[in-house]
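Where a number appears in this text, it was derived from the coordinates with a stated rule and is not lab data. Worth saying up front: this structure is predicted, and the values here are computed from it rather than measured. Cβ placement follows ideal geometry from the backbone for every residue including glycine, while neighbour counts extend to all protein chains displayed.
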Protein chains: 2
Amino acid sequence: MNPFRVGRWAQSGGKTNGQLDPGPGPVDRVVVQLDDGADMILYDGGRAPNPRRVRIYLAEKGITVPLEPVDLGALQHKSADFAAINPVQRVPALLLDDGSVIAESIAICRYFEALHPEPPLFGVGARAIAEVEMWNRRLELNLLFPIAHVFRNTHPAMRELEVPQVPAWAEANKPRIMAFLDILDRALKDRPFAAGDRYTVADITGLVAVDFLKPAKLMVPETCANVRRWHAAVSARPSASG
Amino acid sequence: MNPFRVGRWAQSGGKTNGQLDPGPGPVDRVVVQLDDGADMILYDGGRAPNPRRVRIYLAEKGITVPLEPVDLGALQHKSADFAAINPVQRVPALLLDDGSVIAESIAICRYFEALHPEPPLFGVGARAIAEVEMWNRRLELNLLFPIAHVFRNTHPAMRELEVPQVPAWAEANKPRIMAFLDILDRALKDRPFAAGDRYTVADITGLVAVDFLKPAKLMVPETCANVRRWHAAVSARPSASG
């Protein structure tokens, strides 16, 4: 039996409408029913940036999904059991009631967005949809991913996961990160959120990326006052603790 | 005056409903009107993978947009003029009639998808939307981007664009590319397209990625028969010549 199907969540004996049932003891897995009737489990990865993106997204939407922890430090996501869930061996991954899996953070978010459109976090209307996607991708490609490259290729804790570590690649990314923070700072001069007047998934990616600077031993420069203002604002939302 | 506003396209003297007017001579820019009334220019980058993704997408949708070439070899995308269009200095970028710009290939595609939903290339319904996004991202993160890392960090033509080149990072990516091609091969065993029974944007990303193996001096192994069958099929579509 796949140990990832054995939850730390308690079986409620029935549907829980997305709420966790804390007792009475460990069984196979909790059965959760969302509005669309789907039973699901979200394989989570603790402090890693991508699982956190989905948790913040769900908190902003007011959706509760049972989390199944995957211990990245113990390389649990690299196990054959987890590969059966997500062959790419990354978290998060969303197991649906028919046994199929949606992987990739933004794909999981889009799944919930289609089921529960309010409040919209991917934009409404062609222009806003495009602007949210543009900024979410800019924040991924020019901030989150380069920071991940720095972290993975330098941090001692990543020695077994990033083989081989290439410190020169980490160094090459550092000035690119700083250059993009300047671009982001200019963009945030006249608006409250990453993609405009509304909080969107782009802010989630940006928040997670900026918070990932610290383990990569980097920081937002003092000169980027708009980034700092925006980061303080999105960090103050209850969802940020996710 | 921004030279990127000076098109090689001929002014038709009015709206062209998305069709290029070939004559009579060079003027500022062609005015193109799509169904939604937007005048636009797509800043293109020739053989580079991302501009090609958008061209294939547009061909699949039957949408014609005037292209404005950006000479990547001459580092035109790194100029101050182009930075005024896209501060991230990447192509493609879509200039709208109000002077605003949508950058990032997939954001541009989503803009057109919202305006012209048929044929759907991003999925319809929560499950399909999520599966298309999952596979598009898997194909980006595990194939297109790693191949780009190999190309950019090894090819002599990239010496001025990728500073510094880090050959060790290119080497580190090669086995990851091969591992993902095996995963893709298993996924394609029982279905015709990357995300299921229908051709989607994930096939576009996959096609462009596989074609990008050659300049990176890599190839699809003989053992990946399903990838080869799928690649032949998507390459045979008229859109692939874009």
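Annotations
- Per-residue mean of foreign Cβ neighbours for A:104-111 is 6 (Cβ atoms of other chains, 10 Å radius).
- Inter-chain Cβ neighbour average for residues A:156-166, partner chain, 10 Å: 2
- HN-Hα J in Hz across segment A:201-216 - Karplus 6.51, -1.76, 1.60, θ = phi - 60°, x for Gly and Pro: 4, 5, 5, 5, 4, x, 4, 5, 5, 4, 5, 7, 4, 4, x, 7
- Distances from A:Pro167 to itself in the other copies, using label points 7 Å out along the Cα-Cβ axis, amount to 2.0 nm in increasing order.
- Here segment B:126-236 is treated with +1 on each Lys and Arg Cβ and -1 on each Asp and Glu Cβ, and its dipole about the Cα centre works out to around 120 debye.
- Shape category assigned to segment B:52-162 from the gyration tensor of Cα positions, a/c cut at 1.5: oblate
- For segment A:173-190, backbone phi angles converted through the Karplus equation (6.51, -1.76, 1.60; θ = phi - 60°) give residue-by-residue couplings of 7, 4, x, 5, 4, 5, 5, 6, 4, 5, 4, 4, 4, 5, 5, 7, 4, 10 Hz, Gly and Pro being listed as x.
- Spin-label pair B:Arg191-B:Asp97: with each label point 7 Å from Cα along the Cα-Cβ axis, the two points sit 3.9 nm from one another.
- Cα-based reach from A:Lys189 at 24 Å (exclusive), listing lysines while leaving out same-chain residues under 8 positions away: A:Lys174, A:Lys214, B:Lys78
- Looking at segment A:143-201, the GluC sites (Glu not before Pro) that sit in a DSSP loop and have at most 11 other Cβ atoms within 10 Å of their own Cβ are A:Glu160.
- Summing charges over all other residues whose Cβ lies under 10 Å from the Cβ of A:Thr205, with Lys and Arg as +1 and Asp and Glu as -1, gives +1.
- Two-decimal Rg to Rh for segment A:126-241 - Kirkwood Rh, Cα set: 0.99
- Rotational relation A to B, axis-closest Cβ in chain A, residue and distance rounded to whole Å: A:Trp169, 2
- Residue mean of other protein chain beta carbons inside 10 Å, A:89-100: 1
- Here the residues A:Arg47, A:Arg137, ranked from fewest to most Cβ neighbours within 10 Å of their Cβ, fall in the order A:Arg47, A:Arg137.
- The calculated FRET efficiency for the pair B:His155 and A:Met219, based on their C-beta separation and a Förster distance of 56 Å, comes to about 0.95.
- Cβ crowding within 10 Å ranks A:Met40, B:Met178 as B:Met178, A:Met40, fewest other Cβ atoms first.
- Protection proxy ranking of B:66-76, B:194-204, by the mean of other Cβ atoms within 10 Å over each peptide's residues and highest first, is B:194-204, B:66-76.
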